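> Dropping the structure in here first, questions after.
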Amino acid sequence: MHYTAYQLSIRSDIALPELLSDGADQVATADVDIRLAKVAAGGLADGQQLGPFLWADRQSLWLQVPRVARFLVQGGHTILIDPEPGIDEDSLRVFLLGSALGALLFQRGHLVLHGNAVRIGGQCMVCVGPSGAGKSTLATGLMQRGHDILADDVVPVNAACHALPGFPRIKLWQDMAERLHIDTARLCRIRPGSEKFSLPVARPAGLSALPIRWIYILGSDQGDSVRLEPVDGLQRFRPLHDNTYRVRFLEGMALKAEHLQLCGRLAGRIRLARVTRPKGRFDLDALIDPLLADMAAHP
Amino acid sequence: MGGIYWLASYPKSGNTWFRSFLHNLVTDADTPAFIDDLRTGQIASSRSWLDEVLGFDSAELDADEVDRLRPAVYRWSLRDAQIGYHKIHDAYTHTVDGEPLVSREATRGAIYIVRNPLDVAPSAANHWQLDLDATIARMGRHDMALATSRSRLLEQVRQRLLSWSAHVLSWVDAPGLPCVVLRYEDMLDQPLDSFTRAAGFLELPQDRSRIEKAIRFSDFKLLSQQEADKGFRERPPRAARFFRLGTSGAWRQALGPAQIQRIIADHGAVMRRFGYLDSDGRPI
């Protein structure tokens with residue numbers, strides 16, 4: 001089965017319904033090969049252990065999700081999946097399309113941000129921030145106002161500081177869906193038993209990589225209203241680094257220098273601001289309106 | 001080196017106060033630390049800590065699956081150069097694999113802060129924005145847990161609290177766990193003794209002037225004033241204040257006779273053990 005995502009052609013042993021099919025049954029060469037195969041237990045012989053379930057060397061990243069699968073991501077072109085007996089494909093795909101594909105994008109030399117990318121005019125806005133800050137809600141809200149979602153969760157940035165389009169879905173929690181008046185009855189659950197759903201999003205034909213113009217760091221605190229505070233000059237570097245997808249992956253894969261260089265380049269050309277919303281209540285319009293105004297004021 | 005000392009307590013029992021002391025003790029600065037800047041490690045239930053060490057999203061797992069992985073995450077701290085001091089509200093429980101949630105190997109020990117449940121109730125009612133009866137009922141529920149929502153993403157993973165009594169006993173009677181119990185009331189009445197004992201257990205400096213300064217810099221009035229001036233990140237959104245009274249015995253004004261009786265009925269045995277009831281079963 002053949003797909004495209006992040007401007008890569010992908011061949012996969014398992015079906016990836018979230019991704020765009022490229023229509024072809026047989027493609028001579030694909031950029032990325034996803035195979036069901038044996039992945040040795042116990043990590044990488046000559047690699048560095050980065051966590052209890054994580055190893056890396058210069059070419060490879062080895063990841064175990066206990067009771068789900070072992071993944072081996074190699075050279076920016078191959079992902080091997082060794083499923084645990086009896087595990088469902090949904091569970092495999094969650095971690096394949098998250099950590100494993102994220103590692104592969106690092107291996108291809110991209111800066112990978114943890115956030116959502118949304119097209120605003122001919123440019124791109126990226127929203128980053130900790131898990132639970134409301135990034136996906138914001139992206140879905142912008143989509144409901146007519147803006148295209150470029151990437152959800154994993155946002156690769158190339159050397160030209162363009163965000164690459166991912167695949168046309170967004171992960172949506174039940175609470176968030178209700179707030180956005182989205183009926184989850186017909187949506188697929190991310191994993192069996194999960195209250196998190198896969199929402200397919202419309203994707204205009206030929207959506208290409210877009211220059212990143214704005215990055216907002218979303219957070220929440222006890223304040224009463226949404227605050228927007230620009231981050232200037234040298235202060236911009238750190239938040240970009242901190243909001244990199246799985247910073248730990250970089251260590252073992254010896255990608256730090258490249259990564260820092262890309263962070264620096266990106267920091268020099270974007271509008272970066274912290275956006276803080278009141279904790280405990282989520283007034284989406286009160287968040288989106290000032291953001292769109294800020295983007296309009298800094299075209 | 002590495003490994004973890006847990007700063008364990010039921011919610012609203014003085015954990016943040018103790019962390020403020022600890023931070024001031026370690027930094028030994030000339031001025032008190034601001035409450036939003038306390039750097040005394042993480043909370044055991046921090047999703048970002050788990051995700052960072054795991055390398056994949058805990059949000060894609062259910063609460064039981066997460067619990068099974070937590071010991072391995074804490075064990076990873078054994079590779080750190082320094083000892084970690086981390087807050088925890090989970091009761092001392094075991095995973096389905098029979099392993100202590102906090103990992104026996106990773107755990108150097110625990111400070112357990114216990115506070116009179118008669119005083120915990122009004123404080124927790126404010127924190128949880130519940131009425132007193134509902135709060136007291138929660139404190140008696142053996143299946144009580146925090147951060148249980150499955151329909152949205154929370155910054156913390158689920159924490160099993162158990163009942164107030166079961167929480168206390170889970171820690172102080174955990175087999176093989178080096179544990180020092182600090183009574184909140186003793187921290188108020190005999191601060192130098194209490195905090196010196198804690199510092200010694202935690203392998204931290206114990207010289208008197210330094211401890212006294214850290215006690216002064218973490219004085220409740222000061223913490224409360226800082227919150228009044230600048231706010232506090234850990235205040236729940238709907239509660240007016242995080243730092244309320246910082247006293248013991250306020251329950252005499254806050255609780256009615258039936259509420260007092262209910263707490264004693266639920267927790268009498270443990271209250272007696274920690275000196276909150278006299279031999280006739282009357283609150284002290």
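> Quick one: which residue in B:Thr40, B:Thr93 is closer than 19 Å to B:Met1 by Cα, more than 14 Å from every other protein chain (Cβ to nearest Cβ) and out of contact with any Pro (no Cβ under 6 Å at 6 or more places or on another chain)?
B:Thr40
> I've got another one for you. Take the residues in segment A:243-260 that are part of a helix (DSSP H, G or I) and within 14 Å of another protein chain (Cβ to nearest Cβ); name whichever of them is most open to solvent (accessible area, probe 1.4 Å). Spell out how you get there, then give the answer.
Step one: filter segment A:243-260 for residues part of a helix (DSSP H, G or I), giving A:247-252, A:256-260.
Filter again for within 14 Å of another protein chain (Cβ to nearest Cβ), leaving A:247-252.
Numbers: A:Val247: 33, A:Arg248: 41, A:Phe249: 1, A:Leu250: 2, A:Glu251: 89, A:Gly252: 9 Å².
Ranking the candidates gives A:Glu251 first.
> Inspect segment A:102-114 for any residue being within 10 Å of chain B (Cβ to nearest Cβ), touching a residue at least 60 places away in the same chain (Cβ under 8 Å) and under 20 Å from A:Arg11 (Cα atoms) and give the result as yes or no.
For segment A:102-114, residues within 10 Å of chain B (Cβ to nearest Cβ), touching a residue at least 60 places away in the same chain (Cβ under 8 Å) and under 20 Å from A:Arg11 (Cα atoms): present.
> Restricted to segment A:261-289, and to residues that are among the charged types (D, E, K, R) and part of a strand (DSSP E or B), which residue is nearest to the other protein chains (Cβ to nearest Cβ)? Walk me through how you get there before you give the answer.
First, the residues of segment A:261-289 that are among the charged types (D, E, K, R): A:265, A:269, A:271, A:274, A:277, A:279, A:281, A:283, A:285, A:289.
This time we only want the ones that are part of a strand (DSSP E or B), so: A:271, A:274, A:277.
Values: A:Arg271: 26, A:Arg274: 14, A:Arg277: 11 Å.
Step by step, filter segment A:261-289, then rank; the result is A:Arg277.
> Quick check on B:Asp67: is it within 14 Å of chain A (Cβ to nearest Cβ), without any contact (Cβ under 8 Å) to a residue 40 or more places away in the chain and crowded, with 20+ Cβ neighbours inside 10 Å?
No, not satisfied.
> Pick out the one residue from B:Phe220, B:Phe274, B:Phe232, B:Phe242 that is under 17 Å from B:Val120 (Cα atoms), under 23 Å from the mean Cα position of the chain (by Cα), within 14 Å of chain A (Cβ to nearest Cβ) and buried (at least 16 other Cβ atoms within 10 Å of the Cβ).
It is B:Phe242.
> Scan segment A:214-242 for residues that are in contact (Cβ under 8 Å) with a residue 60 or more places away in the chain and outside any helix (DSSP H, G or I) and jot them down.
A:Trp214, A:Ile215, A:Tyr216, A:Ile217, A:Leu218, A:Gly219, A:Ser220, A:Ser225, A:Val226, A:Leu228
> Give the residues of segment B:1-59 that are part of a helix (DSSP H, G or I), without any contact (Cβ under 8 Å) to a residue 12 or more places away in the chain and either of a type in the set (Phe, Trp, Tyr) or buried (at least 23 other Cβ atoms within 10 Å of the Cβ) (or both), sorted by residue number.
Answer for segment B:1-59, where residues must be part of a helix (DSSP H, G or I), without any contact (Cβ under 8 Å) to a residue 12 or more places away in the chain and either of a type in the set (Phe, Trp, Tyr) or buried (at least 23 other Cβ atoms within 10 Å of the Cβ) (or both): there is none.
> Specify the residue that is surrounded by the fewest Cβ atoms within 10 Å (Cβ to Cβ); the eligible residues are those in segment A:189-213 that are within 14 Å of chain B (Cβ to nearest Cβ) and not in a loop (DSSP other than H, G, I, E, B).
A:Arg189
> Of the residues A:Gln7, A:Gln64, A:Gln49, which single one is surrounded by fewer than 23 Cβ atoms within 10 Å (Cβ to Cβ) and more than 22 Å from A:Ala209 (Cβ to Cβ)?
From the options A:Gln7, A:Gln64, A:Gln49, the qualifying one is A:Gln49.
The values are calculated or read from the model by the stated rules, or taken from the named source; none is laboratory data. Only a predicted model underlies this, so the values are computations on that prediction, with no experimental measurement involved. We place every Cβ from the backbone using ideal geometry, glycine too, and count neighbours over all the protein chains shown. The accessibility values were calculated without ligands, DNA or RNA, using every heavy atom of the protein model including side chains. Shrake-Rupley method; radii C 1.70, N 1.55, O 1.52, S 1.80 Å.
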